[in-house]
Amino acid sequence: MSYSGEVAVVGVGVSRQGRHPGRSGNDLAADAFEDALADAGIDKGRVDGLVTCQSLIGYPGDGIDTTLGQILGINPAYSATLDYGTCNFSIHLAAMAISAGLASTVALTYGTVQGTMTGDSGFAGRLQPDSVFGAIDGIGFMSALMFQRHRERFGVTEEQLGAVTVAQRKWASLNPLALRRDEITIDQYMDQPYHVNPIRKLDIAPFDDGGVALILTRGERAGDFPNKPVRLLGMSEIAALRGYQNRDQLDRPWIRTVAEQVYSKAKVGPRDIDIVSIQDPSSVWTMQMLEHFGFVGEGDALPFIAEGHTSPGGSLPVNTGGGHLAESYMWGWLHTVEVVRQLRGGIGDRQVPDAQTAIHCSTAGPIKAAATIYGVD
């Protein structure tokens, strides 16, 4: 759908990231909600819509739903919960609700204690046998197959794959919110043992605790808020629900359809994008989506990254907050917070100069993809 600024993000909020023993996803989402209200300069009485996002992990106390309204003390006219909201899917639902007139100012919230529940390993470990991912780590295994296929086709190397994590650690070193701010070298990356050959643990996002919230409103009202509004210019989604029944599913070629649609709706192309935000439970996701979204040619993403183009000072800033690999694993929600802060400007050493447009790309493993393009006046 093309929005051309009809919906805007006017508030962002976060809880402290890290570990929160004794707290729940609802608690952390409520912290982020209060932070987002303060950022938007409003009280909760202005919020007439609520979109929440449940975790797939499924542990007690993890993930949130619309019962969060009771904790927040709000009575929205519109509410909904997505089982896999990431941030793109939740934003799209909220934008559609605003466009349909079901609400005018919508809060989007996410909270999780997945790090406390599962320990430090996250996707780079083994999950519980009864988890939705099964006994084998789905992301690590899938990433290994994807990278192996890519390497056979294009001759890329493990050192080039390591450049993804190296670049994102450089961005994270400039981000006070990031949990993994220590920079690493390619040699340090290569010294790590394999997690699932040829994937190393540093290629896979650990699980973290935290909460994130956003405030969206109708475009014509966005000027009433204190911060520069960040407007939705276009959004697109696609499902590939047959999974591995689809040919070439490891390459996820259907992501290209999302790219074509979102560029057409926003009336921009890859060369018009100043900041790229990629949901990255694995470094392989970054590689694939740079190619599918047309920022580089097929097989060119890893050499491009290894040359420093996505690092601070490079020609194409990617995951400027550090992404899941270095900032915090929040299902893409912190990616959107970072996009909003970059487009508003004034965030210190990691600020991308004169940033006007950004894209956030996300997937649900091998079955869904979504993208949103944002811009400022």
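The values are calculated or read from the model by the stated rules, or taken from the named source; none is laboratory data. Keep in mind that this is a model prediction, so the values were computed, not measured. Counting neighbours? That spans all protein chains shown, and the Cβs are built from the backbone with ideal geometry, glycine included. With ligands, DNA and RNA removed, areas are computed over all heavy atoms of the protein, side chains included. Shrake-Rupley method; radii C 1.70, N 1.55, O 1.52, S 1.80 Å.
Quick one: would you say Ile91 is open to solvent by 20 Å² or more (accessible area, probe 1.4 Å) and either within 25 Å of Thr363 (Cβ to Cβ) or assigned to a helix (DSSP H, G or I) (or both)? Against the criterion (open to solvent by 20 Å² or more (accessible area, probe 1.4 Å) and either within 25 Å of Thr363 (Cβ to Cβ) or assigned to a helix (DSSP H, G or I) (or both)), Ile91 does not qualify. If you go through the range 338-367 and keep only what is more than 15 Å from Val276 (Cα to Cα), in contact (Cβ under 8 Å) with a residue 60 or more places away in the chain and among the aliphatic types (A, V, I, L, M), you end up with Ala364, Ile367. Please work out which one of (1) more than 16 Å from Leu216 (Cβ to Cβ); (2) of a type outside the set (A, V, I, L, M, F, W, C); (3) open to solvent by 60 Å² or more (accessible area, probe 1.4 Å) is the condition Arg46 fails and give its number. Looking at each condition in turn, Arg46 falls short on (1). Across the range 115-134, not a single residue is classified as among the small types (Gly, Ala, Ser), over 22 Å from Pro366 (Cβ atoms) and modelled with pLDDT of 95 or more.
Consider the range 250-285 and keep the residues that are of a type in the set (A, V, I, L, M, F, W, C), open to solvent by less than 10 Å² (accessible area, probe 1.4 Å) and assigned to a helix (DSSP H, G or I). The one that is nearest to Ser4 (Cα to Cα) is Val262.
Report the residue count in the range 155-207 for those that are over 20 Å from Ile278 (Cα atoms), modelled with pLDDT of 95 or more, outside any loop (DSSP other than H, G, I, E, B) and open to solvent by 70 Å² or more (accessible area, probe 1.4 Å). Summing the residues that are over 20 Å from Ile278 (Cα atoms), modelled with pLDDT of 95 or more, outside any loop (DSSP other than H, G, I, E, B) and open to solvent by 70 Å² or more (accessible area, probe 1.4 Å) in the range 155-207 gives 3.
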